[in-house]
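Asks: Once you've had a glance at the structure underneath, I'll fire off some questions.
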Amino acid sequence: MTKFVIVNPHKRTVEGVDCDSLIDAQVMAGLGNVDHGQVARGLGYVVDEFGLFTPVSEQKYFGLFGHLIAGPAVFYLFDEMGETIDLRKSEFPDVRFYLGVNDVEAAIYRGEIERPFMAVNGVEYWRWPQQPPEGFTR
């Protein structure tokens, strides 16, 4: 069993869980198709692949290490070899839950988090909370 942390901004909870695998933790968090990221050295996370493209009226958010994260997320630690290792809730940093789009915009204005965007070759083609680019929805 490995220790993971699940953050759910819909419930405003941070929960430590023991699971056999990251996939099991994803299922426990209610995640299907996912995207992986890293918020700090050795601290990875998994989120819904289109979470940031969900209409803001339907999504909940939280911030961590300057990142805006949409919807539930599973966090885990990994070592230099890329092997998943235990992440205890007591080791997990504080998150900031946001009440809605205005709260997120205020956090961006304060410099607490960065506005998510997508760019190719230095050309930006999407910024949160715009409508998603073609092909980036279910």
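Asks: Could you look through the range 91-106, keep only residues that are closer than 13 Å to Trp128 by Cα and of a type in the set (A, V, I, L, M), and pick out the one that is surrounded by the most Cβ atoms within 10 Å (Cβ to Cβ)?
Replies: Across the range 91-106, the extreme among qualifying residues is Val104.
Asks: Same structure, new question: If you scan the range 84-138, which residues turn out to be β-branched (Val, Ile, Thr) and in contact with a helix residue (DSSP H, G or I) (Cβ under 8 Å, 6 or more places away or on another chain)?
Replies: Within the range 84-138, the first condition is being β-branched (Val, Ile, Thr), and the residues that meet it are 84-85, 95, 101, 104, 108, 113, 120, 123, 137.
Matches in the range 84-138: Thr84, Ile113, Thr137.
Asks: For Gly37, only one of the following conditions fails: (1) in a loop (DSSP other than H, G, I, E, B); (2) out of contact with any helix residue (DSSP H, G or I) (no Cβ under 9 Å at 6 or more places or on another chain). What is its number?
Replies: Of the numbered conditions (1) in a loop (DSSP other than H, G, I, E, B); (2) out of contact with any helix residue (DSSP H, G or I) (no Cβ under 9 Å at 6 or more places or on another chain), the odd one out for Gly37 is (1).
Asks: For the range 4-23: of the residues being in contact with a Ser or Thr (Cβ under 9 Å, 6 or more places away or on another chain) and either without any contact (Cβ under 8 Å) to a residue 12 or more places away in the chain or in a loop (DSSP other than H, G, I, E, B) (or both), which is farthest from Ala70 (Cα to Cα)?
Replies: Only one residue tops the list, namely Asp20.
Asks: Same structure again: Six or more apart or on different chains, Cβ under 9 Å: which pairs go from a residue in the range 119-138 that's aromatic (Phe, Trp, Tyr) to one that's modelled with pLDDT under 90? Could you list them?
Replies: The qualifying pairs are Tyr125/Pro133; Trp126/Pro132; Trp126/Pro133; Trp126/Phe136.
Asks: Any idea which of Asp103, Asp24, Asp79 is closer than 15 Å to Ile6 by Cβ and more than 16 Å from the chain's Cα centre (by Cα)? I'd like the intermediate steps shown before the answer.
Replies: Details: Asp103 fails: closer than 15 Å to Ile6 by Cβ; Asp79 fails: closer than 15 Å to Ile6 by Cβ.
When all the criteria are applied, what remains is Asp24.
The values are calculated or read from the model by the stated rules, or taken from the named source; none is laboratory data. What you see is a predicted model; the values in this text were computed from it and never measured. Counting neighbours? That spans all protein chains shown, and the Cβs are built from the backbone with ideal geometry, glycine included.
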